[in-house]
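Okay, so here's the structure we're looking at.
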Amino acid sequence: MLRINDQITIEPWELTEQFTRASGPGGQNVNKVSTAVELRFEAERSPNLPGPVKARLRRLAGRRWTKEGALVLQVDDTRSQARNREIARERLAELIRKALERPKRRIPTKVSPNQKRKRVEAKKARSEVKALRGRVDEG
């Protein structure tokens, strides 16, 4: 069981782990030991996550979200399988915690009429400066 906060815990049936051989440096160890972990969290079917949290989690996950509604995290940071499992679980918990935060509602603002007037005046002044440039008639 993975504890996210006081109210939310992830049940063991919601998580599946698969181990594969990691890429990159590691010598003989890389060829022999399956240390990379692929953690799959069935987010869409999870009874512990409210709807809005699932929607925010989907947006945060991006390409890690599958068509079936699962979140897939791949970790091959260390040469230790156990440590990679811990890292994957920590990352999942962190993602869910981020999804739990409700974004602040944006209050639309308007440009004040005075600011609009100042902007137009500045443009006119600049236009006049540029209009004074150019060819001089010596007649």
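Just so it is clear, none of the values below were taken in a lab; they were calculated from the coordinates. No experiment lies behind these values; they were computed from the predicted model shown. Note: ideal-geometry Cβ built from the backbone for every residue, glycine included; neighbour counts use all protein chains shown.
Just to be sure I follow the definition: excluding the sites themselves, where is the longest run in the chain that has none of the trypsin sites (Lys or Arg not before Pro) in a DSSP loop with at most 14 other Cβ atoms within 10 Å?
On the way: sites that count: 21, 45, 67, 104, 105, 106, 110, 133, 135.
It runs 68-103.
Report the longest stretch of the chain that contains none of the GluC sites (Glu not before Pro) sitting in a DSSP loop with at most 11 other Cβ atoms within 10 Å. Intermediate results must be reported in sequence, preceding the final value.
On the way: sites that count: 68, 101, 138.
Answer from the scan: 1-67.
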Between residue 8 and residues 5 or more places away or on another chain, which pairs have amide H atoms under 5 Å apart, with H built 1.01 Å from N, and which residues are they? none
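Rounded to the nearest 500, what is the chain's calculated 222 nm mean residue ellipticity when only DSSP H runs of at least 4 contribute -39500 (n - 2.57) each, over all residues?
Working: 4 runs with 55 residues, N = 139.
Helix contribution divided over all residues of the chain: -12500 deg cm²/dmol.
If you rank 8, 96, 107 by fewest surrounding Cβ atoms within 10 Å, what's the result? Mind showing how you got there, number by number?
Details: 8 17, 96 25, 107 5.
Listed from fewest to most nearby Cβ atoms, that is 107, 8, 96.
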Can you pull the one-decimal nm distance between simple spin-label points at residue 18 and residue 91, each 7 Å off the Cα toward Cβ? 1.6 nm
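Please compute the net charge surrounding residue 37, taking Lys and Arg as +1 and Asp and Glu as -1 over other residues with Cβ under 15 Å from its Cβ.
Working: positive: 21, 40, 64, 79, 83, 85, 89, 91; negative: 17, 38, 76, 77, 86, 90.
Here the charged neighbours net out to +2.
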For residue 131 paired with residue 38, estimate the spin-label separation in nm (one decimal), with each label point 7 Å from Cα along the Cα-to-Cβ line. 6.9 nm
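As an exercise, use a Förster radius of 35 Å and the Cβ-Cβ distance of residue 123 and residue 102 to find the FRET efficiency, rounded to the nearest 0.05.
Once the sixth-power term is evaluated, E becomes 0.30.
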